[in-house]
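See below for the structure under consideration.
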Amino acid sequence: MSEFKKVAGLTGMKDTLPPESARWEELEALVRDWLAGYGYQNMRTPVLEHTRLFTRGIGEVTDIVEKEMYSFVDPLNDERLTMRPEFTAGIVRSAIEHNFLYDRPRRIYAMGPVFRHERPQRGRYRQFHQIDVEALGFPGPDVDAELILMLARLWRLLGLNDIRLELNSLGQPAERAAHRAALIAHLEKHVDVLDEEARRRMHSNPLRVLDTKNPAMQDMANAAPRLFDFLGAESLAHYQGLCARLDDAGVAYTLNPRLVRGLDYYNLTVFEWVTDRLGAQGTVCGGGRYDGLIELLGGKPAPAVGFAIGMERLLDLWLQDASERAPAECQVYLAHQGDDGQRRAARLAESLRDAGLRALVHAGSTGFKSQFRRADASGAAAAVIIGGDELAAGAATVKWLRADSPDGAQQESVAFDQLAQYLKQRI
Ligand code: ATP
Ligand code: MG
């Protein structure tokens with residue numbers, strides 16, 4: 001027993017260990033391929049940003065800024081800093097700072113951890129991961145449709161067929177202003193059913209009041225004036241342009257006039273992909289258009305649209321479907337005896353890796369029995385044995401672990417200098 005006390009990890013911040021971590025890597029690799037297929041390029045921005053980037057970019061009266069941010073004053077220089085709660089503001093800041101949109105629009109993605117101080121539960125963590133995709137400088141609706149078709153393809157690639165698309169249009173600032181006045185009047189009329197948060201927000205961010213999950217407020221929210229009904233011809237044409245392209249591609253959607261999204265900066269297109277298979281946290285992906293944000297953060301005005309996928313929720317869904325089989329640690333497991341056996345095995349393993357095979361040399365216990373147990377648990381296709389007899393003969397014993405070798409043998413003796421080629425041809 002150690003005399004030292006354990007230090008636990010933080011609430012709501014998960015460790016991911018093998019074999020689950022292999023699933024993350026699989027998902028990340030698949031996602032990178034999928035994004036490359038549409039010409040999206042990676043951008044990496046810092047986890048820490050000035051707090052004012054998020055208060056301005058996300059909006060003061062939002063869940064994130066009001067109560068979810070990890071913010072602190074850097075004691076070394078008194079700067080107010082925040083761990084990014086989402087990617088968009090940082091990506092836009094970076095694009096402005098590096099004059100990245102000066103000659104053409106850009107398709108960008110980022111993937112990594114974001115931080116929100118929320119009550120942890122299934123599908124809701126304090127450090128979680130997002131795949132964030134942004135099309136900067138495109139007015140749409142063609143690119144809005146492209147983003148949604150991309151997502152439909154990702155669900156197909158992952159074999160997920162029960163994620164449905166909800167769509168809305170938030171119009172333009174003037175349309176929102178007209179709706180806002182009508183909405184505030186409606187909220188004032190029903191002030192008796194509003195909870196404390198709703199009362200606080202009814203004048204500062206009335207649209208967000210409709211986003212409530214409070215059951216006692218649902219009737220009031222359902223009867224509220226719909227922003228969609230305030231849209232002018234141009235906004236409607238944008239929405240219809242998007243719908244026509246989704247229809248072309250056979251992507252199903254429903255108009256949800258109450259969909260407003262958590263962030264302040266959206267206009268026109270907003271959407272969410274939702275499933276019933278994740279309990280209460282059923283939103284896998286949310287996105288929308290934010291034509292005002294680049295200017296709001298000090299850049300030359302340019303339209304933009306994007307989305308963020310919650311990776312924990314996506315992985316949860318994916319693993320519900322996936323087979324139980326843990327991914328293999330290696331393709332070849334090398335067992336050995338004696339110092340000379342170990343040294344020969346290590347050299348052979350390097351030659352296998354030269355040939356592109358994933359090889360693992362046993363380390364630790366010396367008995368063959370326990371080495372075979374490890375070989376089996378590793379998921380390797382074959383074990384290579386280097387004992388005294390093998391060293392004397394200059395040939396390894398290859399034992400096929402999952403099934404007999406492609407030529408029907410369960411076990412074969414293969415000269416050391418032939419080993420890499422022999423295995424490469426059969427694995
Ligand atoms: P919610 O309504 O569930 O709080 P949100 O509107 O705050 O979601 P976004 O800011 O749109 O979420 O983030 C995009 C995606 O990130 C969400 O659709 C969800 O899949 C995921 N997500 C959001 N918050 C968390 C969290 N605390 N833990 C894990 N995933 C999250
Ligand atoms: Mg939230």
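The values are calculated or read from the model by the stated rules, or taken from the named source; none is laboratory data. In this text, all values refer to a predicted model and were calculated from it rather than measured experimentally. Using ideal geometry, Cβ is built from the backbone for each residue, glycine included, and neighbour counts are taken over all protein chains shown. Ligands, DNA and RNA are excluded from the accessible area calculation, which covers all protein heavy atoms including side chains. Shrake-Rupley method; radii C 1.70, N 1.55, O 1.52, S 1.80 Å.
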Restricting attention to region 53-70, the residues that are crowded, with 17+ Cβ neighbours inside 10 Å and either away from ligand 1 (no atom under 16 Å from the Cβ) or of a type in the set (Val, Ile, Thr) (or both) number exactly 6
Out of region 318-375, which residues are among the aromatic types (Phe, Trp, Tyr) and under 27 Å from Glu28 (Cα atoms)? Trp318, Tyr333
Being open to solvent by 40 Å² or more (accessible area, probe 1.4 Å), within 12 Å of ligand 1 (Cβ to nearest atom), of a type outside the set (Val, Ile, Thr) and out of contact with any strand residue (DSSP E or B) (no Cβ under 6 Å at 6 or more places or on another chain), is that true of even one residue in region 123-138? yes
Please determine whether any residue of region 65-76 is hydrophobic (A, V, I, L, M, F, W, C) and more than 27 Å from Leu10 (Cα to Cα). no
Could you count how many residues in region 318-374 are outside any loop (DSSP other than H, G, I, E, B) and hydrophobic (A, V, I, L, M, F, W, C)? 15
Taking the criterion of being assigned to a strand (DSSP E or B), open to solvent by 80 Å² or more (accessible area, probe 1.4 Å), among the small types (Gly, Ala, Ser) and farther than 30 Å from Gln121 by Cβ, would at least one residue in region 381-396 satisfy it? no
Kindly indicate which of Arg119, Arg106 is open to solvent by 10 Å² or more (accessible area, probe 1.4 Å) and within 12 Å of ligand 1 (Cβ to nearest atom). Arg119
Lone unmet requirement of (1) among the aliphatic types (A, V, I, L, M); (2) within 14 Å of ligand 1 (Cβ to nearest atom); (3) more than 14 Å from the chain's Cα centre (by Cα) for Val92: (2)
Phe4: passes all of (1) surrounded by fewer than 12 Cβ atoms within 10 Å (Cβ to Cβ); (2) within 16 Å of ligand 2 (Cβ to nearest atom) but (2)
Verdict on Ala174 being small (Gly, Ala, Ser), open to solvent by 70 Å² or more (accessible area, probe 1.4 Å) and on the phi < 0 side of the Ramachandran plot: yes
Over region 261-277, the set of residues open to solvent by less than 10 Å² (accessible area, probe 1.4 Å) and not in a strand (DSSP E or B) is Thr275
